[in-house]
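Student: Quick one: structure below, then a few questions.
The values are calculated or read from the model by the stated rules, or taken from the named source; none is laboratory data. In this text, all values refer to a predicted model and were calculated from it rather than measured experimentally. When we count neighbours, we look across all protein chains shown, and the Cβ atoms used for this are built from the backbone with ideal geometry, even at glycine.
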Amino acid sequence: MNETTATDGTPPLLEARGISKYFGAITALDRVAFHLERGEVLGVVGDNGAGKSTLMKILSGLFQPSAGEIVFQGTPVRFASPRDAHRVGIEMVYQDLALAGNMSIFENIYLGREPGRRMLGLNFVDHARSRQMAAEHLERLHIHVKSVDQNVEDLSGGQRQAVAIARATAFDARVVIKDEPTAALAIKEVGKVLDLIKSLKEHGVSVILISHRLDDVFYVCDRVMALFRGANFAEASLKDTTRNEVIGWIMGAKGHTTALAHDRVQ
Amino acid sequence: MAAEPKVAARVNIGRIAERYGIFFVVIVMMVFLTIMQPEYFLSVQNLTNVLKQIAMNSLLAIGMFLVILTAGIDLSVGSILALAMMAVAMADKAGWPWEIVILIGPAVGIAVGALNGYGLTLLRLPHPFIMTLGTLNAIRGLTNLISDGRPISGLSAPVRFLGSAQIPVPSLGPFGAIPISGFVLLVCYGGVALFLRKVSVGRHIYAVGGNPQAARVSGINVDRILLLVYVLSGFFSGLSALLLAGRTDSGFPNAGIGAELDAIAAVIIGGASFFGGRGTVLGVFSGVLIMGLLRNGLNLMNVSVFWQQFLIGIIIILAVYVDVLRRRAAVRTEELTHARPGQNLLRRARGLGSRSTTT
């Protein structure tokens, strides 16, 4: 399918061309193309093992592609580690959230990038400033917590998700990648997390949302892209597609969507 | 709204109890011993004695604490102590200048600690237990090889200084004196406390223990943190070797056999989690003091050494059980407050925190 490029002269914010990834004899990704516009919320769907997480880990620097290139604002980039991706403003919120439960909210937000003063080659953390920065940042995102000193393990699933998002956006993020943010949440918290994604978009941040829940995708996304067995399968603007069609894509089918709308297993 | 201050107050009491509860146990023990043995326990001589006796274990324990914070274990500290002690004694006997000799102890510790750290991170051995069990034996063997299994006694005065010298304090009575080793402890504990609290690398040690995956994706070099804690543990073992050599005026190859278990016991009694990420320097110090006071108190009361061992065992179990109860209570409150997936609760009840990895 040639649905991959749809821009008007200016290069996309983030683009990936011909990305392949092999783990030994297994091909996780096969010449995948990908692009993300400024301020766009892109839904990435696909069955388990379709390669969604692998692609995101490549875009966020945790994995290196076996072939292909990543282009950020028209310039080819190479991410050797998540640190390199952070530098250009790409942040990932992991499925397991990757928070240290034994530490406070504010410390988790700035973990690895603590504000402080360098003395004798060591970074002395300014906890007071860190605490204040965290409180202000949470305020901006309309995230309410009792205190930034609370340990993350004492928070609910939705609050943890919010802290993970706050962490991802603490340093001028341009792109936030979210892997199944609502999978482990109580129903009443799902809405809050999705609204948070919308508010990121309002702040000009592009969001990539990996989700199995089409409700989520259709609620927040501008465009949806489907991977199937490690390759591009289909993509469309949200207004040009339907839920049933997307379900078909996830199962690797195009066209006869009504027949697949029910729980039919191939 | 009106209920809010109450909640805050309760949380604070909980926090204070968590942070200082174990130190409170130390104070209770001291009061008890003062009442039981009024003329002996509080005597300057006895207290100085306690301080000298706990010096070795407290240095091993502070290093062990850093390792346990990362959910690791260092079984080799007793062997490092022996090797460093023999190296110090032999170098002193060989007539090396004392400025060099006193550096040998910590240097040997740092070297073996680095070996532990690299073994763990480069060889990717499945658990630090394995690597340090290896060095526990190998380093003890090496100590016997270089010393031929024979102790050495009679060290020069400057080498003995840290372990045996005292600053006389006449205001404390005719025997009033503060051992230099007390100051060494103070500096080490204060330094580690500051490092863990204020320096970002210190915070990263807690992060690695809490969730190594979170640390990794935050750009923290987890392997470097692990290397650091084993090097520091080695350093403190080497330093305690220097103090012990000074106190006993000798070096003996059997020094520190089983010392790793005492150090682990002190850290655990002090409330640090065996699964990493939890514990305080004050807690470790309390753990060391509880063990030291118990031994001292039972000695003063003429109770058999066998009872000391028995009681320390019971205290270890009790200390961890209290921690289990506390955590279970915390989980239960949470369960009432939020509807959360049961799997997470189970994981936390086991004290494992969130340490799953992405697939």
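Student: Given A:Ile187, A:Ile208, which one is out of contact with any Pro (no Cβ under 9 Å at 6 or more places or on another chain) and modelled with pLDDT under 85? Give the derivation first.
Tutor: Details: A:Ile208 fails: modelled with pLDDT under 85.
From the options A:Ile187, A:Ile208, the qualifying one is A:Ile187.
Student: Taking the residues in the range A:134-160 that are of a type in the set (A, V, I, L, M) and within 11 Å of chain B (Cβ to nearest Cβ) as candidates, determine which candidate is surrounded by the fewest Cβ atoms within 10 Å (Cβ to Cβ).
Tutor: First, the residues of the range A:134-160 that are of a type in the set (A, V, I, L, M): A:134-135, A:138, A:141, A:143, A:145, A:148, A:152, A:155.
So of that shortlist, the ones also within 11 Å of chain B (Cβ to nearest Cβ) come out as A:152, A:155.
Details: A:Val152: 25, A:Leu155: 22.
Of everything passing the filter in the range A:134-160, A:Leu155 is surrounded by the fewest Cβ atoms within 10 Å (Cβ to Cβ).
Student: Quick check on the range B:149-160. Is at least one of its residues of a type outside the set (D, E, K, R) and either within 23 Å of the chain's Cα centre (by Cα) or within 14 Å of chain A (Cβ to nearest Cβ) (or both)? Quick ask: steps written out before the conclusion?
Tutor: Start the filter on the range B:149-160 by keeping residues that are of a type outside the set (D, E, K, R), which leaves B:149, B:151-159.
Narrowing the set further to residues that are either within 23 Å of the chain's Cα centre (by Cα) or within 14 Å of chain A (Cβ to nearest Cβ) (or both) leaves none.
Looking through the range B:149-160, none of the residues is of a type outside the set (D, E, K, R) and either within 23 Å of the chain's Cα centre (by Cα) or within 14 Å of chain A (Cβ to nearest Cβ) (or both).
Student: Do we find that B:Met36 is out of contact with any Ser or Thr (no Cβ under 7 Å at 6 or more places or on another chain), under 21 Å from B:Val284 (Cα atoms) and outside the structural domain of B:Asp262 (by TED's automatic domain parsing) in this structure? Quick ask: steps written out before the conclusion?
Tutor: Working: out of contact with any Ser or Thr (no Cβ under 7 Å at 6 or more places or on another chain): yes; under 21 Å from B:Val284 (Cα atoms): no; outside the structural domain of B:Asp262 (by TED's automatic domain parsing): yes.
Taking the combined requirement at face value, the residue does not satisfy it.
Student: Somewhere in the range B:111-121, is a residue among the hydroxyl-bearing types (Ser, Thr, Tyr), in contact (Cβ under 8 Å) with a residue 24 or more places away in the chain and in a helix (DSSP H, G or I)? Don't jump to the end; show me each part of the working.
Tutor: Let us first name the residues in the range B:111-121 that are among the hydroxyl-bearing types (Ser, Thr, Tyr), namely B:118, B:121.
If we keep only those that are in contact (Cβ under 8 Å) with a residue 24 or more places away in the chain too, we end up with B:118, B:121.
Those still in the list that are in a helix (DSSP H, G or I) too: B:118, B:121.
Yes; the residues of the range B:111-121 include at least one that is among the hydroxyl-bearing types (Ser, Thr, Tyr), in contact (Cβ under 8 Å) with a residue 24 or more places away in the chain and in a helix (DSSP H, G or I).
Student: Run down A:Arg83, A:Arg17 and say which single residue is of a type in the set (D, E, K, R), surrounded by fewer than 24 Cβ atoms within 10 Å (Cβ to Cβ) and not in a strand (DSSP E or B).
Tutor: A:Arg83
Student: Hey, another quick one. Being within 14 Å of chain B (Cβ to nearest Cβ), modelled with pLDDT of 85 or more and either under 16 Å from the mean Cα position of the chain (by Cα) or buried (at least 21 other Cβ atoms within 10 Å of the Cβ) (or both), is that true of even one residue in the range A:227-245? Give the steps one after another, and end with the answer.
Tutor: Going through the range A:227-245, the residues within 14 Å of chain B (Cβ to nearest Cβ) turn out to be none.
Looking for residues that are within 14 Å of chain B (Cβ to nearest Cβ), modelled with pLDDT of 85 or more and either under 16 Å from the mean Cα position of the chain (by Cα) or buried (at least 21 other Cβ atoms within 10 Å of the Cβ) (or both), one finds none in the range A:227-245, hence no.
Student: Among the numbered criteria (1) within 14 Å of chain B (Cβ to nearest Cβ); (2) within 15 Å of A:Ala98 (Cα to Cα), which single criterion is violated by A:Thr169?
Tutor: (1)
Student: Also, I was wondering about something else. Take the residues of the range B:190-201 that are in contact with a helix residue (DSSP H, G or I) (Cβ under 6 Å, 6 or more places away or on another chain) and either outside any helix (DSSP H, G or I) or surrounded by fewer than 19 Cβ atoms within 10 Å (Cβ to Cβ) (or both): which is nearest to the other protein chains (Cβ to nearest Cβ)? Show your work before the answer.
Tutor: Keep residues of the range B:190-201 that are in contact with a helix residue (DSSP H, G or I) (Cβ under 6 Å, 6 or more places away or on another chain), which gives B:192-193, B:195-196.
Filter again for either outside any helix (DSSP H, G or I) or surrounded by fewer than 19 Cβ atoms within 10 Å (Cβ to Cβ) (or both), leaving B:193, B:195.
Details: B:Ala193: 14, B:Phe195: 8 Å.
Only one residue fits best here, namely B:Phe195.
Student: Within the range B:202-227, work out how many residues are touching a helix residue (DSSP H, G or I) at 6+ places or on another chain (Cβ under 7 Å) and in a helix (DSSP H, G or I).
Tutor: Result for the range B:202-227: 18.
Student: Inspect all residues belonging to the range B:64-76 and state whether any of them is in a helix (DSSP H, G or I) and farther than 21 Å from B:Val201 by Cβ.
Tutor: No - not one qualifying residue is present in the range B:64-76.
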